[in-house]
1. Determine whether R115 is of a type in the set (K, R), touching a residue at least 12 places away in the same chain (Cβ under 8 Å) and outside any strand (DSSP E or B).
2. Select from segment 1-28 the residues that are among the hydrophobic types (A, V, I, L, M, F, W, C) and in contact with a Gly (Cβ under 7 Å, 6 or more places away or on another chain) and list them in ascending order.
3. Restrict the check to segment 68-78 and report whether at least one residue is out of contact with any Phe, Trp or Tyr (no Cβ under 7 Å at 6 or more places or on another chain), closer than 21 Å to L190 by Cβ and aromatic (F, W, Y).
4. Can you tell me which residue within segment 19-43, out of those that are under 19 Å from the mean Cα position of the chain (by Cα) and more than 26 Å from I167 (Cα to Cα), is surrounded by the most Cβ atoms within 10 Å (Cβ to Cβ)?
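Nothing in this text is a laboratory measurement; each read-out follows from the coordinates by a stated rule. The structure presented is a predicted model; accordingly, all values stated were derived computationally and were not measured. Methodologically, a virtual Cβ is constructed for each residue, glycine included, from the backbone with ideal geometry; neighbour enumeration extends over all protein chains shown.
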Amino acid sequence: MKRLIDISQRLDNHVAGWPGDTPFSFSLAWNQAQSGSVNVGKIVMSIHTGTHIDAPFHFDDEGKRVIDLDLELYVGPARVIHIPATNSIGIDDVKNVNLEGVSRLLIRTGAWVNRQAFPQSIPFLEPELAVYLAQFGVRLIGLDLPSVDLLDSKELPAHHELTRLGIHILEGIVLEDVQPGDYELIALPLPLVEADGSPVRAVLREL
């Protein structure tokens, strides 16, 4: 059995959520003494906490919701690359990367150092990169960041351009201990019918 590498953020009261969004909390709705048999927990959280996928409905009222997404995009071969944190991630940063046959691309920037604190700024994905990646057949992009756009962006150009080109978005992955190379990605969203995104348990399997 090949080793699994967990690339998900831990969900506890220390996980950093978007400022002003619903913070994560876990509590027991019933404990064993109250129910007579079991502990029953409940969670409250934003869908965009920790490691998660964005559905197009997140930024487009007419976009697909989570239940409409193709699950096969979230399972399969993936390539991990390292692009040290800069102001942005563009074509020049990947032009020397062999993308032939790559349908899922995961990028480690190292820009989000303390996962218990929401970052003040992050490198954003330049919209032109989406066109470049689509030419190679990339269908999913994953980042070790809370967004593919600037944190204060209202236009969300990278979100829109990626979606226009059929590239799905995985955010908040943890790649600090992952070497560049090829893996199998498993990052399935929950079957949330009306949702604009979903938390995922993202893992890589060594090939």
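1. yes
2. L11, V15, F24, F26, L28
3. Scanning segment 68-78, I find at least one residue that is out of contact with any Phe, Trp or Tyr (no Cβ under 7 Å at 6 or more places or on another chain), closer than 21 Å to L190 by Cβ and aromatic (F, W, Y), so the answer is yes.
4. Here the answer is F24.
Each row is one residue, and each column tells you yes or no for (1) surrounded by fewer than 22 Cβ atoms within 10 Å (Cβ to Cβ); (2) hydrophobic (A, V, I, L, M, F, W, C); (3) without any contact (Cβ under 8 Å) to a residue 60 or more places away in the chain.
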site	(1), (2), (3)
L165	yes, yes, yes
H168	no, no, no
G172	no, no, no
D177	yes, no, no
L192	yes, yes, no
S198	no, no, no
V203	yes, yes, no
